[in-house]
Structures are given as C-alpha cells and as structure tokens.
Amino acid sequence: MARTFTSVKEIFSGMPGVFNRDAAAGLDAVFQYNIEGADGGDWYVVVKDQTCTVSEGVHANPTVTLKLADKDWIAMCSGQLDGMTAFMTGKLKITGNIMLAQRIASLFPLG
C-alpha cells in the first residue's frame, strides 16, 4: 500500500531515506523538479556514484526536468496518479532525457 504524503517538502525530505543505491549503478544525473502551486517550489536531485543529494532551488544543468502541479506530484508519490497517465494527459511535462524520468520510481520507491 502506498504512503500518503501531505506536502511537497515531505516528499523531497524523504527521498534520501528510500534511495535505491542498486538502481543507481552507473548513473550520473540531475533531476530538476519545478512544482507549481501554493505548496510548490523548485528542487533538484543529484544522483552520482550510487549516492543522492536533494536540494531546494534550480540546478544550472539538469539532465531531465519535470514540471507539474503540487497536488499532482503529491498524488503521484502517494500512488494515486500514475506517472505515465500524468504525462499523457499533460499534467506532467518533461524536458531533457525523458527515458531517465522513467527510472525515478525505481530510484526512489516512496510507496
């Protein structure tokens, strides 16, 4: 059963604790999140050498950028909104390495 999140900050704060080092083998990437809405903000996650760091702000050179509303990001991380559905319906916009975005769930199993 998926965990229910109540805020964007809660999700980003919890990402290092669920980071799957094995899924990150050989990966060197920066995931930029532009979360819109009252609970939103800009965050980026650096995955390198099977470690991750999560920071608030905008990275100068992200590998992939995800843009979506705060309520949709919370719903995705809580298992209430499928990422592919969000993308196909325009709720999630991805620029950069779109294939890399598909690895987020295996890198950060939040459920």
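The values are calculated or read from the model by the stated rules, or taken from the named source; none is laboratory data. Bear in mind the structure is a predicted one, so any value in this text is a computation, not a measurement. All Cβ positions, even for glycine, are placed from backbone atoms using ideal geometry, and neighbour counts span all protein chains on display.
Numerical summary
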quantity: Residue in segment 47-65 that is part of a helix (DSSP H, G or I) and farther than 13 Å from ILE11 by Cβ present; calculated: no
quantity: Yes/no for LYS91 being surrounded by 14 or more Cβ atoms within 10 Å (Cβ to Cβ), closer than 15 Å to TYR44 by Cβ, at pLDDT 95 or above and of a type in the set (Lys, Arg); calculated: no
quantity: Checking ASP39 against (1) farther than 16 Å from VAL8 by Cβ; (2) surrounded by fewer than 19 Cβ atoms within 10 Å (Cβ to Cβ); (3) not basic (Lys, Arg), the condition it does not meet; calculated: (1)
quantity: Filter pass, MET84 being closer than 20 Å to LYS9 by Cβ, in a helix (DSSP H, G or I) and among the aliphatic types (A, V, I, L, M); calculated: no
quantity: Residue tally, condition touching a residue at least 24 places away in the same chain (Cβ under 8 Å) and either more than 13 Å from LEU107 (Cα to Cα) or assigned to a loop (DSSP other than H, G, I, E, B) (or both), over segment 25-40; calculated: 11
quantity: Residue ID - surrounded by the fewest Cβ atoms within 10 Å (Cβ to Cβ), chosen from residues in segment 58-88 that are polar (S, T, N, Q) and over 23 Å from VAL47 (Cα atoms); calculated: THR85
quantity: Residue tally, condition in a helix (DSSP H, G or I) and crowded, with 19+ Cβ neighbours inside 10 Å, over segment 94-111; calculated: 3
quantity: Residue check for THR51: of a type in the set (S, T, N, Q), in contact with a Lys or Arg (Cβ under 9 Å, 6 or more places away or on another chain), surrounded by 13 or more Cβ atoms within 10 Å (Cβ to Cβ) and modelled with pLDDT of 95 or more; calculated: no
quantity: Matching residues in segment 1-23 - criterion: being surrounded by fewer than 16 Cβ atoms within 10 Å (Cβ to Cβ) and in a loop (DSSP other than H, G, I, E, B); calculated: MET1, ALA2, ARG3, THR4, THR6, SER7, ASN20, ARG21
quantity: Counted residues, segment 59-94 - those being more than 25 Å from ASP49 (Cβ to Cβ), more than 11 Å from the chain's Cα centre (by Cα) and among the β-branched types (Val, Ile, Thr); calculated: 2
